[in-house]
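**Student:** Below are the structure tokens for one structure; questions will follow.
The values are calculated or read from the model by the stated rules, or taken from the named source; none is laboratory data. Given the structure is predicted, the values throughout are model-derived calculations rather than measurements. As a convention, Cβ positions derive from the backbone with ideal geometry for all residues, glycine included, and neighbour counts pool all protein chains shown. Side chains are part of the model used for accessible areas, which takes the heavy atoms of the whole protein and leaves out ligands, DNA and RNA. Shrake-Rupley method; radii C 1.70, N 1.55, O 1.52, S 1.80 Å.
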Amino acid sequence: MEFLYTYEAFKLELPLVSPERADFVILGVPFDGTTSYKSGARFGPTLIRQATLNLESYVLDYDIDIADLPIADIGDIAVVAGDPRKTADRVRETIEELERVNPKAIPVLLGGEHSQTLGAVEALKPKSYVVFDAHLDLRDSYEDNPYNHACVARRIAELGIREAMFGIRSGTREEVEFAEKNGIRWVHARDYGFDSFVDLVEPLPEPVYLSVDIDVFDVSMVPDTGTPEAGGLRFWEVIEAIEWLTANKRIVGFDIMEVAGERLGNPTALTAAKLLFYFLAMMKR
Ligand SMILES: N=C(N)NCCCCNCCCN
Ligand SMILES: [Mn+2]
Ligand SMILES: [Mn+2]
């Protein structure tokens, strides 16, 4: 099928099916318009897909071969350079197009700036937003733009969607106060543990949208991202949490955002690719 705003990208090197028949639909969002520190998010989708070439499709832990799963790759969103709102509208419209032909498909976004998660959430209308991120992303506006990547959780909260955040280690006093006033619960990276994850996520209503800003991981693992932060989570901490989530909550959408860089095979992309394969496998466990 044809989507209005996507173009053919370098696709995932797995046996692929059409979006009508897929359980999972990969969508690249190469938007890089509001990055405040390190640029290169426009290469995120390509970097992640290319990094998957290094991986076995068989995931040892679950005895699942993701080459056996019905996965589609519908390419990348044609971005409106410099306009995160217009680009996120295209993300929303693309996912709405997909919902019309296959309402059961789970969109999997590869990004690209975190600002673009808003478009996916607007289309999918989850009741809860679970996010791994170094940053609160609760600013009302940043660099004069309310659709900046640093505001995405604020815009999502304003839709009445419940939120829980993990791996946080950066924010402003205003963001902390906004979270407090609006019942947004978050766990500092220093305090993070599996039990804290279950405590916060268990009471959340379904369905859930799951977002991983790649900068949640320690900067040593993910140096190629827009706003890297020391003191992050380890790979298996995030995997164990998502294992619980996929086993216990209905997930309607997933993304891995803020992957950047200009060198193929960079550690950030390798981390994102591994996370992608684990997510797909654990959804079918
Ligand atoms: N959500 C985010 N990624 N936020 C990052 C904000 C960048 C803070 N710069 C601080 C600059 C101080 N001079
Ligand atoms: Mn972040
Ligand atoms: Mn973020």
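**Student:** Looking at the chain as a GNM with Cα springs under 10 Å, which of Ala22, Ala179, Ala247 has the largest mean-square fluctuation?
**Tutor:** Ala247
**Student:** Work out which helices of the chain, taken as complete DSSP H runs, extend at least 15 Å along their axis over the Cα atoms and score a mean Kyte-Doolittle of 0.0 or more, then list them. It would help to have the intermediate numbers written out before the result.
**Tutor:** Working: long enough: 84-101 (26 Å, -1.33); 235-248 (20 Å, 0.49); 267-283 (24 Å, 1.39).
Both cut-offs are met by 235-248, 267-283.
**Student:** Cα-based count: Lys pairs in the chain below 23 Å, eight or more positions apart or different chains?
**Tutor:** 19
**Student:** Classify the stretch 234-279 as rounded, prolate or oblate, taking a ≥ b ≥ c as the square roots of the eigenvalues of its Cα gyration tensor: rounded when a/c is under 1.5, otherwise prolate if a/b is larger than b/c and oblate if not.
**Tutor:** Numbers: a/c = 3.20, a/b = 1.99, b/c = 1.61.
Here the stretch 234-279 falls in the prolate category.
**Student:** Hey, another quick one. Counting only Cα atoms, I'd like the Rg/Rh figure for the chain, Kirkwood definition for Rh. It would help to have the intermediate numbers written out before the result.
**Tutor:** Details: Rg = 16.9 Å, Rh = 18.3 Å.
Radius of gyration over Kirkwood radius for the chain works out to 0.92.
**Student:** Then there is this: Express the accessible area of the chain per residue in Å², computed with a 1.4 Å probe while the remaining protein chains stay in the model.
**Tutor:** Values: 11630 Å² over 285 residues.
Heavy-atom accessible area per residue stands at 41 Å².
**Student:** Can you list residues whose amide H is under 5 Å from Val80's amide H, if they're 5+ apart or on another chain and H is modeled 1.01 Å from N?
**Tutor:** Thr87
**Student:** Does the stretch 35-185 classify as rounded, prolate or oblate by the C-alpha gyration tensor (a ≥ b ≥ c root eigenvalues; a/c under 1.5 gives rounded; else a/b over b/c gives prolate, otherwise oblate)? Please report the intermediate quantities before stating the final value.
**Tutor:** Working: a/c = 1.58, a/b = 1.50, b/c = 1.05.
Verdict is prolate for the stretch 35-185.
**Student:** Taking amide H atoms as placed 1.01 Å from N in the peptide plane, list the residues 5 or more away in sequence, or in a different chain, whose amide H sits under 5 Å from that of Leu233.
**Tutor:** Those lying under 5 Å, H to H, from Leu233 are Phe217, Asp218.
**Student:** Label 7 Å along Cα→Cβ of Val176; the stretch 124-160 residues with amide nitrogen under 13 Å?
**Tutor:** Under 13 Å, as judged by backbone N against the label point of Val176, lie 136 of the stretch 124-160.
**Student:** Roughly to the nearest percent, how much of the accessible area of the stretch 6-283 is carbon and sulfur, given a 1.4 Å probe?
**Tutor:** On the way: 5040 of 10970 Å².
Answer for the stretch 6-283 is 46 percent, counting heavy atoms of protein chains only.
**Student:** Moving on to the next point. Taking every DSSP beta bridge that has both residues in the chain, what percent is antiparallel when rounded to the nearest 5? List each step's numbers first, then the result.
**Tutor:** Details: 5 of 41 bridges.
Of all bridge pairs located within the chain, approximately 10 percent are antiparallel.
**Student:** Pick from Asp218, Asp61, Asp140: which residue has the top mean-square fluctuation in a GNM of the chain where Cα pairs under 10 Å get a spring?
**Tutor:** Asp61
**Student:** In a GNM of the chain with a 10 Å cut-off on Cα contacts, which of Glu122, Glu143, Glu97 has the highest mean-square fluctuation?
**Tutor:** Of the options given, Glu143 has the highest mean-square fluctuation.
**Student:** If each residue of separation counts as 0.36 nm, what is the full-extension length gain between Glu56 and Glu206 once their alpha-carbon separation is subtracted? If you can, show how the numbers build up before the last one.
**Tutor:** Numbers: separation 150, 0.36 × 150 = 54.00 nm, distance 3.21 nm.
Separation in residues times 0.36 nm, less the Cα-Cα distance, equals 50.8 nm.
**Student:** For Arg85 and Leu4, what is the calculated FRET efficiency with R₀ set at 22 Å and r taken between the beta-carbons, to the nearest 0.05? Mind dumping the intermediate values first?
**Tutor:** Working: r = 17 Å, r/R0 = 0.78.
After rounding to 0.05, the efficiency reads 0.80.
**Student:** Summing -39500 (n - 2.57) over the DSSP H runs of n ≥ 4 in the chain and dividing by its residue number, what mean residue ellipticity at 222 nm do you reach, to the nearest 500 deg cm²/dmol? If you can, show how the numbers build up before the last one.
**Tutor:** Values: 8 runs with 89 residues, N = 285.
Rounded to the nearest 500, it is -9500 deg cm²/dmol.
**Student:** Using alpha-carbon positions, what is the distance between the centroids of the stretch 206-285 and the stretch 94-128, in Å?
**Tutor:** 17
**Student:** Per 0.36 nm of contour for each residue apart, how much would the distance between Lys127 and Asp191 grow if the chain were fully extended, relative to their Cα-Cα spacing? Please report the intermediate quantities before stating the final value.
**Tutor:** Numbers: separation 64, 0.36 × 64 = 23.04 nm, distance 2.58 nm.
So the extension gain works out to 20.5 nm.
**Student:** Once you have a ≥ b ≥ c as the square roots of the Cα gyration tensor eigenvalues for the stretch 107-230, tell me rounded if a/c is under 1.5, and otherwise prolate or oblate according to whether a/b is larger than b/c. Working shown, then result.
**Tutor:** Values: a/c = 1.21, a/b = 1.05, b/c = 1.15.
Judged from the Cα gyration tensor, the stretch 107-230 comes out rounded (a/c under 1.5).
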